[in-house]
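K.L.:
The structure's right below; bear with me while I get my questions together.
The numbers here are math on the coordinates, done by the rules we state, and not lab data. Note that this is a predicted model, so its numbers are computed, not measured. FYI the Cβ positions are ideal-geometry reconstructions off the backbone, even for glycines, and counts take in every protein chain you see.
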Amino acid sequence: MVAVAVKVWHLPFVKYSLIAIIGIVLVGFVGENSMLAHMRNKMYISQLTSEIEKYEQQNENDMRQIRELNLNPKAMERIARERYFMKHDDEDIFVLSDDDRGPSTPVSSYEATE
């Protein structure tokens, strides 16, 4: 058995094939510079790029709103009314909600008669 393994090992294509397979495994899957780590880093970069785009869009919206507040004094009043429900003394505010409410608990006849 050992003699056959030695004869097979001395064939040139077996040595080079085994070394090539080991090299491919090392380059592809082992170490911090492997192809697997490279693909993982590319995915992470694409996630970070999408976050950058999201924050840039948010920054544009905020800068537009700041310019509007600086140019238009009525804009501050509008924002205070919309976001913080501020009002003048002679006004009433009604807040309408679009929230879906779950099924309400049924009222027993005892509670209704009280």
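K.L.:
When a/c reaches 1.5 or more, the comparison of a/b and b/c decides; with that in mind, is the range 13-71 rounded, prolate or oblate per its Cα gyration tensor?
P.N.:
Because a/c hits 1.5 or more and a/b exceeds b/c, the range 13-71 counts as prolate.
K.L.:
Moving to a separate point now. Return the label of the correct value of P(r) over Cα pairs in 5 Å bins from 0, in percent, as calculated from the structure shown, out of (1) 2, 12, 25, 25, 18, 11, 5, 2, 0; (2) 2, 7, 6, 7, 6, 7, 7, 7, 6, 5, 6, 6, 4, 4, 4, 4, 3, 3, 2, 1, 0; (3) 2, 13, 19, 20, 18, 14, 10, 4, 1, 0.
P.N.:
(2)
K.L.:
A follow-up question, please. Give, in nm to one decimal, the length gained when the segment between residue 68 and residue 27 is fully stretched (0.36 nm per residue of separation minus the Cα-Cα distance).
P.N.:
9.2 nm
K.L.:
To the nearest 0.05, what FRET efficiency results for residue 39 and residue 4 with a Förster distance of 41 Å applied to their C-beta separation?
P.N.:
0.50
K.L.:
Within the set of other residues whose C-beta is less than 13 Å from the C-beta of residue 74, count the net charge using Lys and Arg as +1 and Asp and Glu as -1. Walk me through the numbers on the way to the answer.
P.N.:
Details: positive: 78, 81; negative: 68, 77, 82.
Local charge sum for residue 74: -1.
K.L.:
Which angle between 0 and 90 degrees, to the nearest 10, do you get for helix 35-71 versus the longest principal axis of the chain when only C-alpha atoms count?
P.N.:
The answer is roughly 20 degrees.
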